[in-house]
């Protein structure tokens, strides 16, 4: 069993690890553990990689595993974290024919409603992503935001969801 007590880096954010990861993968020496987003907050777990390596993970309290985190690195092997894709609702702002005041009002109402749902969010450009459990939640969001649907569209997608950092939330 390999014991892990710290995250070494990230292949998506650190050029050194990205290059090493590419080289090791070309030789078939990359392994990964698959973790759900909620599980990524656990600091103690036991996982098996996609190639059968047994891992004991005991991280510092408060550590959150991110997609691409490097848990083990040697000349023979690199083990990384892969977050599972999950269902998300995508709220997209419609800018055409909307004033800045209207868009501000829509943004505040969306923030208030999502805050009441206790959901983490990710903001990219004019889109807001939030995790959902079932497709029926899209209908609920359409009802919740019925009074502002002239200014947003709500769709469902599946993605690796990593909430924006610095916004503490708890989910119900």
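Some points to look at:
- Segment 147-162, subset under 26 Å from residue 68 (Cα atoms) and in contact with a helix residue (DSSP H, G or I) (Cβ under 9 Å, 6 or more places away or on another chain), residue surrounded by the fewest Cβ atoms within 10 Å (Cβ to Cβ): 156
- In this structure, residue 161 qualifies as at pLDDT 90 or above, under 21 Å from the mean Cα position of the chain (by Cα) and within 30 Å of residue 52 (Cβ to Cβ).
- For segment 94-123, filtered to residues that are touching a helix residue (DSSP H, G or I) at 6+ places or on another chain (Cβ under 7 Å) and part of a helix (DSSP H, G or I), the residue that is nearest to residue 144 (Cα to Cα) is 113.
- Taken together, the criteria exclude residue 160 from residues that are without any contact (Cβ under 8 Å) to a residue 40 or more places away in the chain and touching a strand residue (DSSP E or B) at 6+ places or on another chain (Cβ under 7 Å).
- Evaluation of residue 89 against (1) under 14 Å from the mean Cα position of the chain (by Cα); (2) surrounded by fewer than 16 Cβ atoms within 10 Å (Cβ to Cβ); (3) over 30 Å from residue 48 (Cβ atoms) (one fails), failing number: (2)
Here is a yes/no grid of residues against (1) loosely packed, with under 13 Cβ neighbours inside 10 Å; (2) without any contact (Cβ under 8 Å) to a residue 60 or more places away in the chain; (3) over 18 Å from residue 6 (Cα atoms):
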position	(1), (2), (3)
30	no, yes, yes
34	no, yes, no
56	no, yes, no
77	no, yes, no
84	no, no, yes
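- Residues in segment 135-146 include none that are assigned to a strand (DSSP E or B) and surrounded by 14 or more Cβ atoms within 10 Å (Cβ to Cβ).
The values are calculated or read from the model by the stated rules, or taken from the named source; none is laboratory data. Only a predicted model underlies this, so the values are computations on that prediction, with no experimental measurement involved. Virtual Cβ from ideal backbone geometry, glycine too; neighbours counted across all protein chains shown.
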